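The values are calculated or read from the model by the stated rules, or taken from the named source; none is laboratory data. It should be emphasised that the depicted structure is a prediction, and the values quoted were computed from it without experimental measurement. Cβ sites come from the backbone with ideal geometry, for glycine too, and all protein chains shown count toward neighbours. Accessible surface areas use protein heavy atoms only, side chains included; no ligands, DNA or RNA. Shrake-Rupley method; radii C 1.70, N 1.55, O 1.52, S 1.80 Å.
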Amino acid sequence: MADQYARVIIDISHEKVDRPFTYRIPDSLSGMVKAGSRVRIPFGSGNRERTGYVVELSSQAGYDRDKIKELTGLVEGSVTAESQLIELAWWMKERYGSTMNQALKTVLPVKQQVKGREKKYLRCLLDSESLSAAYEEAARKKYRARARLLEAFVSTSVIPWETAVSQLNVTQAAVKPLIEKGIVVVESQHQYRNPAETIGRKGESGERAYVNLNPQQKAIADDFCRRYDSGIRETALIHGITGSGKTEVYMEIISHIQENGKESIVLIPEISLTYQTVMRFYRRFGNQVSFINSKMSAGERYDQFERARKGEISIMVGPRSALFTPFLNLGLIVIDEEHESAYKSELSPRYHARETAAFRAKQSGAGLILGSATPSVESYKKAKEGIYRLYTLSERAKKDSRLANAEIVDLRRELAEGNKSIFSRLLQEKIEDRLEKGQQIMLFMNRRGYSNFISCRSCGEAIKCPHCDVTLTLHKDGRLVCHYCGYSTERPKICPSCGSPYLAGFGAGTQKIEAMVQERFPGVKTLRMDMDTTSRKGGHEEILAAFAAGEAQILVGTQMIVKGHDFPNVTLVGILAADISLYAPDFSSGERTFQLLTQAAGRAGRGKTAGDVIIQTYAPDHYSIQAAARQDYQMFFKREMAYRRLLHYPPTWGMVTVQMTCPDEQALAELSGRLEERLKSGLSKLPEVELIGPVNAPIYKLHDLYRKILYLKSENYDILIKIRKWMEDFFDSGESRKDLTVQYDFL
């Protein structure tokens with residue numbers, strides 16, 4: 001029998017151990033060791049026994065076989081949630097390019113136990129006869145507090161400490177003699193924080209919420225469960241129009257997964273969706289549900305992962321970090337609104353939750369469901385090719401609900417005809433109509449702040465952040481703010497460049513829209529939802545709950561108001577500037593625009609009353625805007641894929657971006673130049689690879705750091721991964737600098 005080898009990562013987090021060590025698998029362990037196994041190994045010159053995790057099996061030694069040590073043995077109970085997550089970390093390191101330390105910090109975000117809350121109880125150890133005697137003695141000696149406590153023990157043997165203090169007026173001094181005599185003992189119970197309970201109580205109706213699925217919903221749930229039970233664990237894409245009831249399908253399938261003793265992870269892209277989503281899941285599954293998000297404390301996050309680890313919950317809801325919930329019996333992963341950019345990490349490793357979820361699902365033998373009204377072109381292409389199983393929901397779940405009527409307004413014509421307002425004449429008419437009828441309105445502007453930027457009318461210079469290559473945004477309080485690094489300063493009275501007093505704000509953000517609404521429609525209660533109004537904990541829930549309760553007729557907001565929310569009384573959505581995302585320096589800007597507009601349009605008319613959508617734009621003929629107005633995904637997909645094929649963009653070709661960042665502008669230019677020369681020399685033998693750049697990044701300076709970027713494209717994804725590894729060697733050599741950072745982003 002040929003020798004088998006295991007690549008093992010030592011169970012420590014240290015840069016210098018950021019590589020696997022090779023060990024021979026002894027015959028006694030043959031067939032027992034697999035990826036993720038926890039093993040004992042001899043390590044170092046003294047062969048001190050250490051614990052490690054197997055990340056890969058191989059028949060190749062890689063170097064001199066005579067120098068390779070053997071595994072000592074398997075750790076008892078070696079298949080743990082941690083071992084699965086460490087195997088996942090290794091995959092992410094190899095796939096996306098990062099250190100193992102960075103990958104471990106990503107998949108194990110809660111590394112140290114945070115001091116939890118303890119609940120204390122008093123337990124009586126006496127039988128009834130001895131208890132009566134102790135009570136009589138305390139009463140005779142006039143130990144009133146002690147007597148009250150002993151009398152209470154007649155009806156129950158356990159009393160919470162807080163009850164003894166608040167209701168029986170017992171002090172620690174009164175209890176101490178009872179403890180010393182062995183009459184009473186103090187017991188402590190760790191109390192986990194459960195934030196889902198708070199949300200659950202707000203919507204508690206006394207009964208579990210079961211929804212009767214319509215024929216389309218039921219057919220999808222039944223087919224997925226039937227295939228799941230037959231052992232087919234696949235990736236399914238549910239393409240359902242807005243309001244088609246995808247969440248009800250998820251819950252029906254999750255219920256089936258629970259019956260099989262398995263756990264589920266539900267990913268949502270926005271913290272603003274947490275409140276409504278968790279409410280719906282809590283009503284269906286009760287205390288089996290928990291959630292995490294970025295606004296929670298370290299203690300709350302730790303507790304939720306501990307509850308998952310111990311099997312106290314079976315459903316975790318949250319953003320992409322919830323993907324690393326330490327469930328051992330994971331049966332299903334759901335990625336709702338799978339098209340959202342929030343599922344892509346901005347930090348190394350720059351993983352995509354969709355790809356990473358697919359690996360974890362395969363690792364756990366779980367199913368994976370992707371859901372969206374506007375699927376990413378990558379996912380829909382795979383569904384069309386049969387790589388994913390495609391399900392379609394073509395009608396709204398509510399019987400009397402239908403898609404809103406959408407109209408496109410050409411802002412060029414509005415201006416030519418004398419309307420200089422941000423509100424087109426048609427939108428103003430619609431707003432007035434809805435206000436008279438007592439219905440609600442949502443106004444979408446994907447830019448926060450009061451004005452987009454401040455510019456001098458004399459010299460034309462815009463006021464920029466001194467640390468970033470971006471203009472500062474004017475807020476209503478008169479301060480200029482950088483939305484990248486947080487730099488803030490008072491609005492100057494004169495131009496810093498030429499001294500002119502003629503400074504003016506250009507563009508409009510959500511703050512200014514709110515002010516203009518209040519000026520145009522005085523007395524109408526308005527709410528605003530953006531990063532500024534939701535920065536504190538609970539901010540999202542407060543605004544959404546107030547709007548749902550009818551405390552305001554108009555909600556102004558950024559993209560966080562147009563995703564997944566269901567307000568039956570909203571019958572008008574106004575999209576004030578559809579072009580903002582259309583001209584972003586990104587090949588997927590058309591897709592992003594179509595998704596945003598379609599999702600925004602889907603907020604109107606979700607109840608019995610028909611809805612309207614007004615799309616204001618300077619590019620009324622663009623196919624993304626036309627397709628969004630019609631809610632026609634097939635039209636959009638056909639045009640977008642033709643554009644991607646023509647220019648060799650994903651998903652027709654693979655692409656990796658390499659971003660180099662350095663505080664020294666000259667050094668960055670020299671280093672990127674040397675890299676370009678080496679790449680061109682090597683790629684001359686690889687005609688199937690295209691190189692673009694290096695060029696200045698769209699935001700060249702950020703946080704006082706200069707950034708350059710290059711792009712590599714190829715139909716062969718494996719070649720791109722090999723080139724990335726070559727570049728890692730290049731940057732690890734003497735060619736690089738310690739103050740240079742490099743990020744790889746696979747698209």
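Assorted remarks:
- Residue ID - modelled with the highest pLDDT, chosen from residues in the stretch 106-162 that are of a type in the set (S, T, N, Q) and in contact with a Phe, Trp or Tyr (Cβ under 9 Å, 6 or more places away or on another chain): Thr106
- Note on the stretch 560-578: residues that are modelled with pLDDT of 80 or more and in a loop (DSSP other than H, G, I, E, B) amount to 6.
- For the stretch 678-707, taking the residues that are charged (D, E, K, R) and closer than 30 Å to Gly486 by Cβ, the one that is surrounded by the fewest Cβ atoms within 10 Å (Cβ to Cβ) is identified as Asp704.
- The single condition from (1) open to solvent by 20 Å² or more (accessible area, probe 1.4 Å); (2) at pLDDT 85 or above that Tyr23 fails is (1).
- When Arg603 is tested against (1) over 25 Å from Ile335 (Cα atoms); (2) in a loop (DSSP other than H, G, I, E, B), only condition (1) is not met.
- Residue match in the stretch 45-61 (condition: acidic (Asp, Glu) and either modelled with pLDDT under 85 or open to solvent by less than 30 Å² (accessible area, probe 1.4 Å) (or both)): yes
- Among the residues of the stretch 327-347, those that are surrounded by fewer than 21 Cβ atoms within 10 Å (Cβ to Cβ), under 17 Å from the mean Cα position of the chain (by Cα) and not basic (Lys, Arg) comprise Ser341, Ala342, Ser345, Glu346, Leu347.
- Single unsatisfied condition, Phe327 versus (1) in a strand (DSSP E or B); (2) hydrophobic (A, V, I, L, M, F, W, C); (3) out of contact with any Phe, Trp or Tyr (no Cβ under 9 Å at 6 or more places or on another chain): (1)
- Condition check for Asp530 on (1) more than 28 Å from Asp400 (Cβ to Cβ); (2) of a type in the set (D, E, K, R); (3) open to solvent by 10 Å² or more (accessible area, probe 1.4 Å): one failure, at (3).
- Output for the stretch 637-662, where each listed residue is among the small types (Gly, Ala, Ser) and open to solvent by 20 Å² or more (accessible area, probe 1.4 Å): Ala642
- Here Asn419 passes the criteria (1) within 30 Å of Gly509 (Cα to Cα); (2) open to solvent by less than 50 Å² (accessible area, probe 1.4 Å); (3) in contact with a strand residue (DSSP E or B) (Cβ under 7 Å, 6 or more places away or on another chain) except the one numbered (3).
- Of all residues in the stretch 514-535 being touching a Lys or Arg at 6+ places or on another chain (Cβ under 8 Å) and touching a residue at least 60 places away in the same chain (Cβ under 8 Å), the one that is nearest to Ser421 (Cα to Cα): Ala515
- With respect to the conditions (1) closer than 27 Å to Phe521 by Cβ; (2) touching a Lys or Arg at 6+ places or on another chain (Cβ under 8 Å); (3) at pLDDT below 80; (4) open to solvent by less than 40 Å² (accessible area, probe 1.4 Å), Tyr450 lacks only one, and its number is (4).
- Helices (runs of 4 or more DSSP H) contained entirely in the stretch 116-187, each with at least 1 residues that are of a type in the set (Ser, Thr, Tyr) and either loosely packed, with under 13 Cβ neighbours inside 10 Å or in contact with a helix residue (DSSP H, G or I) (Cβ under 8 Å, 6 or more places away or on another chain) (or both): 128-140, 161-166
- If you go through the stretch 366-398 and keep only what is part of a loop (DSSP other than H, G, I, E, B) and over 23 Å from the mean Cα position of the chain (by Cα), you end up with Glu385, Gly386, Ile387, Ser394, Glu395, Arg396, Ala397, Lys398.
- Set side by side, the residues Tyr711, Tyr717, Tyr643 differ, and just one is under 29 Å from Arg354 (Cα atoms) and either without any contact (Cβ under 8 Å) to a residue 24 or more places away in the chain or in contact with a helix residue (DSSP H, G or I) (Cβ under 9 Å, 6 or more places away or on another chain) (or both), which is Tyr643.
- Residue in the stretch 580-590 that is assigned to a helix (DSSP H, G or I), more than 23 Å from the chain's Cα centre (by Cα) and either in contact (Cβ under 8 Å) with a residue 12 or more places away in the chain or over 23 Å from Phe521 (Cα atoms) (or both) present: no
- Here Ser401, Ser458 are screened, and the one residue that is open to solvent by 70 Å² or more (accessible area, probe 1.4 Å), small (Gly, Ala, Ser) and in a loop (DSSP other than H, G, I, E, B) is Ser458.
- Any hit, the stretch 585-592, residues being acidic (Asp, Glu), over 15 Å from Ile408 (Cα atoms) and modelled with pLDDT under 90: yes
- Of everything in the stretch 708-731 that is among the acidic types (Asp, Glu) and open to solvent by 70 Å² or more (accessible area, probe 1.4 Å), the residue that is farthest from Tyr649 (Cα to Cα) is Asp729.
- Number of the exception - Arg528 against (1) in contact with a strand residue (DSSP E or B) (Cβ under 8 Å, 6 or more places away or on another chain); (2) over 21 Å from Gln616 (Cα atoms); (3) not hydroxyl-bearing (Ser, Thr, Tyr): (2)
- Candidate set: the stretch 216-237, residues that are hydrophobic (A, V, I, L, M, F, W, C) and open to solvent by less than 30 Å² (accessible area, probe 1.4 Å); chosen: the one farthest from Leu370 (Cα to Cα): Cys225
- In the stretch 209-301, counting only strands (runs of 3 or more DSSP E) that sit wholly within it, the ones holding 2 or more residues that are in contact with a helix residue (DSSP H, G or I) (Cβ under 7 Å, 6 or more places away or on another chain) and modelled with pLDDT of 95 or more span 235-240, 263-267.
- Taken over the stretch 296-326, the criterion of being open to solvent by less than 10 Å² (accessible area, probe 1.4 Å), over 26 Å from Ile232 (Cβ atoms), free of Cβ contacts under 8 Å to residues at least 60 places away in the same chain and within 17 Å of the chain's Cα centre (by Cα) is satisfied by Gly318 alone.
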